[in-house]
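The values are calculated or read from the model by the stated rules, or taken from the named source; none is laboratory data. Owing to the predicted nature of the structure, the values given are computational and were not obtained by experimental measurement. Backbone-built Cβ (ideal geometry, glycine too); neighbour counts: all protein chains shown.
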Amino acid sequence: MIKNSPSYLIALAVSLISVPGYSEELRVSITDLLAESGLADAVVELQPKETWSIAVSPVETSVDQVDKEFVSGVTVVPRGSRVSFPNSDDILHHVYSFSPAKTFDIPLYGSDENREHYESFSKSGIVEIGCNIHDWMLAYIYVADSALVAKTDKHGIADFRSLKPGAYSVKIWHSRMGTAGFVTRDIAIGADEAKVLSVTLDLEPERRIRRAPTSTRNRYR
Amino acid sequence: MLNRIVVYTFSVVSFLGATVVHGNGFMDLLVASGYEENLPRGYLDKDIQGSRFLGASLSAGKLYQPLANTSIVLSGSAGYSSYLEQHGFDYGSLEIATSLQQKFGMGAYTPRITLGVGAGREESEGLQRDRNLFRYSLGISQRLNQALEISAGFSREISRGTDEPAIDFSELPYLPGITRPVDPMDYRNRTLSGSLSYTLRNGWLWSAGYRYLHGHIVSSAVPPVKELFIHAKAVALDPAYDQERLMYLMNADADMWSTSLSIPWGDDTALDFAYQWQNFDVDDVGSYKNSQFSITLVHQI
């Protein structure tokens with residue numbers, strides 16, 4: 001793992017907003033330097049640096065397959081969660097992962113099959129999901145150690161409320177970093193304090209296997 | 001014999017496909033336009049004629065996956081090409097094909113081998129160019145990363161003319177005593193090829209390839225061309241030129257280079273710009289060239 005890689009992080013600003021009466025809050029605002037706008041679907045995970053911890057509650061969720069794409073492209077679950085991979089297309093898919101955090105494959109299946117089949121994600125990390133038939137299909141499951149984890153919205157914002165005062169490690173990941181890197185920073189939240197952590201990331205443009213047809217390739221895609 | 005092989009192949013594969021596994025269907029539409037510099041494969045300057053062309057084809061099929069890393073594609077296609085300045089070369093085609101692909105592991109970055117077999121029929125404006133086609137191929141490909149993919153392959157094409165010639169060339173006066181088979185569309189050739197494709201960050205796909213051909217080609221010329229006639233494997237009146245030319249079946253080696261740029265338009269459509277350059281070395285005769293530029297719209301329905 002590449003931690004705190006300077007190639008990802010070009011600017012970091014922490015601003016303190018002191019608003020009496022607010023509970024302890026942290027807003028993480030991530031900007032994409034390339035697009036000069038908020039970075040959606042980045043994962044922000046807070047890990048308390050104190051000895052106390054917050055109980056992690058596993059969940060059950062799904063990553064659907066619609067129009068030969070995974071929906072959603074990035075799914076965040078706490079460690080121990082279970083995920084199903086239903087197929088809402090009228091064609092067959094074959095879901096697999098080689099990632100160290102979770103290796104599995106669900107052989108060829110069609111609509112309404114395997115809706116009750118769940119894979120368990122007991123090890124934290126980034127799991128890259130693909131389809132063995134449709135090479136361009138790609139999705140990520142971020143398996144978090146902490147219960148304090150969120151995805152940024154379309155404006156690049158992730159909010160954490162009712163935090164316990166103390167020191168936290170803030171871990172940031174985006175699919176354009178691949179599965180081998182993330183950015184970490186430390187932050188302290190005081191009692192009745194709201195903070196904004198602004199981060200600008202310098203990421204390579206997304207590069208995916210091309211989906212569009214060509215006249216020179218074999219016809220089935 | 002060929003017909004029987006094709007029938008047996010498709011019977012077995014169709015049975016497997018229909019009974020053992022479900023399939024993923026697909027349908028592609030191609031519309032192409034372009035220019036070919038030396039359409040009749042003319043050897044002498046006076047025989048070289050270019051033409052613009054328009055073409056369209058529709059192909060459909062199904063992919064079956066009987067095993068995790070094994071897939072079978074059954075497909076059929078129909079097409080028509082028209083040459084605006086050389087209507088004698090217009091032709092319609094029908095083809096059925098099957099391919100077996102084996103991946104050496106799961107995922108997008110594993111090597112894969114593809115064995116393909118196809119049979120088709122081409123009906124030309126001139127009957128003498130009508131033919132049945134049988135092709136088989138073996139290819140290997142490997143995606144190295146999200147952008148770069150390389151491939152290599154071998155293929156063989158067997159053509160069988162289907163119409164009797166109008167003239168017996170043993171009666172031609174200028175080379176008395178020399179006779180030739182009279183169906184130049186009876187031919188075979190083999191190709192070896194290699195290609196690479198690279199996807200740019202904006203999704204544009206650049207491809208380049210080389211193909212080496214060894215076997216027969218058909219060249220058309222205004223008669224008489226003695227050196228062509230002497231070395232020809234077969235000769236017939238070329239119906240594409242309404243009695244003006246002969247077409248000769250020649251032994252040749254060819255170098256064929258190609259490059260293309262494919263610009264996506266959404267997930268299911270792309271506009272391809274392609275250029276091909278070909279150099280034919282005809283045994284005991286000499287060499288000649290051809291080039292082709294085309295723009296193709298491909299859409300997955």
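Touching a residue at least 60 places away in the same chain (Cβ under 8 Å), more than 15 Å from the chain's Cα centre (by Cα), within 14 Å of another protein chain (Cβ to nearest Cβ) and surrounded by fewer than 19 Cβ atoms within 10 Å (Cβ to Cβ) - does that describe any residue in the stretch A:78-93? No: zero hits.
All conditions in (1) in the same structural domain as A:Gln47 (by TED's automatic domain parsing); (2) more than 18 Å from the chain's Cα centre (by Cα); (3) not hydrophobic (A, V, I, L, M, F, W, C) hold for A:Asn132, with the sole exception of (1). For B:Ala97, indicate whether it is touching a residue at least 60 places away in the same chain (Cβ under 8 Å) and either within 20 Å of B:Ser193 (Cα to Cα) or within 18 Å of the chain's Cα centre (by Cα) (or both). Considered against the rule, which asks whether it is touching a residue at least 60 places away in the same chain (Cβ under 8 Å) and either within 20 Å of B:Ser193 (Cα to Cα) or within 18 Å of the chain's Cα centre (by Cα) (or both), B:Ala97 comes out as no.
Here the condition is being more than 11 Å from chain A (Cβ to nearest Cβ) and touching a strand residue (DSSP E or B) at 6+ places or on another chain (Cβ under 8 Å); of B:Ala60, B:Ala68, B:Ala32, B:Ala56, it holds for B:Ala56 alone. When the residues of the stretch B:71-89 are narrowed to those that are aromatic (Phe, Trp, Tyr) and surrounded by 15 or more Cβ atoms within 10 Å (Cβ to Cβ), which ends up farthest from the other protein chains (Cβ to nearest Cβ)? Selected residue: B:Phe89. Being more than 14 Å from chain A (Cβ to nearest Cβ), among the aromatic types (Phe, Trp, Tyr) and under 17 Å from B:Asp183 (Cα atoms) is the requirement here; does B:Tyr248 meet it? Judged against the criteria, B:Tyr248 is a match. Based on this model, can you work out whether B:Glu157 counts as surrounded by 17 or more Cβ atoms within 10 Å (Cβ to Cβ), within 14 Å of another protein chain (Cβ to nearest Cβ), in a strand (DSSP E or B) and modelled with pLDDT of 90 or more? So B:Glu157 fails the test. For the stretch B:58-116, the set of residues classified as modelled with pLDDT of 90 or more, small (Gly, Ala, Ser) and over 30 Å from B:Leu144 (Cα atoms) consists of B:Gly76, B:Ser77, B:Ala78, B:Gly79, B:Ser81, B:Ser82, B:Gly92, B:Ser93, listed by residue number. When A:Thr184, A:Thr103, A:Thr152 are checked against the criterion of being closer than 26 Å to A:Ile209 by Cβ, assigned by TED's automatic domain parsing to the domain that holds A:Val43 and not aromatic (Phe, Trp, Tyr), A:Thr152 stands alone in meeting it. Residues considered: A:Thr184, A:Thr216, A:Thr179. Of these, the only one that is of a type in the set (Ser, Thr, Tyr), closer than 30 Å to A:Phe160 by Cα, in contact with a strand residue (DSSP E or B) (Cβ under 8 Å, 6 or more places away or on another chain) and at pLDDT below 90 is A:Thr179. Might you check whether a residue that is within 13 Å of the chain's Cα centre (by Cα) and under 30 Å from B:Pro184 (Cβ atoms) occurs anywhere in the stretch B:122-130? Among the residues of the stretch B:122-130, at least one is within 13 Å of the chain's Cα centre (by Cα) and under 30 Å from B:Pro184 (Cβ atoms), which makes the answer yes.
Being assigned to a helix (DSSP H, G or I) and either more than 10 Å from every other protein chain (Cβ to nearest Cβ) or among the small types (Gly, Ala, Ser) (or both): is that true of B:Ala240 here? So B:Ala240 passes the test. With respect to A:Trp136, determine if the residue is more than 11 Å from chain B (Cβ to nearest Cβ) and not aliphatic (A, V, I, L, M). No. Consider the stretch B:234-260 and keep the residues that are touching an Asp or Glu at 6+ places or on another chain (Cβ under 9 Å) and surrounded by fewer than 16 Cβ atoms within 10 Å (Cβ to Cβ). The one that is farthest from B:Ile301 (Cα to Cα) is B:Glu244.
Comparison of B:Asp272, B:Asp281, B:Asp267, B:Asp253 shows that the only residue that is within 14 Å of another protein chain (Cβ to nearest Cβ), acidic (Asp, Glu) and assigned to a strand (DSSP E or B) is B:Asp272. Taking the conditions (1) at pLDDT below 90; (2) within 14 Å of another protein chain (Cβ to nearest Cβ) in turn, B:Gly42 satisfies each one other than (2).
Condition check: within 14 Å of chain A (Cβ to nearest Cβ), within 24 Å of B:Phe154 (Cβ to Cβ) and in a strand (DSSP E or B). Does B:Leu133 satisfy that?
no
I want to confirm something. Restricting to the stretch B:284-301 and keeping residues that are outside any strand (DSSP E or B) and more than 14 Å from every other protein chain (Cβ to nearest Cβ), which single residue is surrounded by the most Cβ atoms within 10 Å (Cβ to Cβ)? Among them, the one singled out is B:Val285. Note on the stretch A:1-109: enclosed strands (runs of 3 or more DSSP E) holding 1 or more residues that are modelled with pLDDT of 75 or more are A:25-32, A:43-48, A:60-62, A:64-66, A:69-71, A:74-78, A:81-84, A:93-97, A:104-109.
Among the residues of the stretch B:188-199, those identified as more than 9 Å from chain A (Cβ to nearest Cβ), over 30 Å from B:Ala234 (Cα atoms) and of a type outside the set (Gly, Ala, Ser) are B:Leu196, B:Tyr198.
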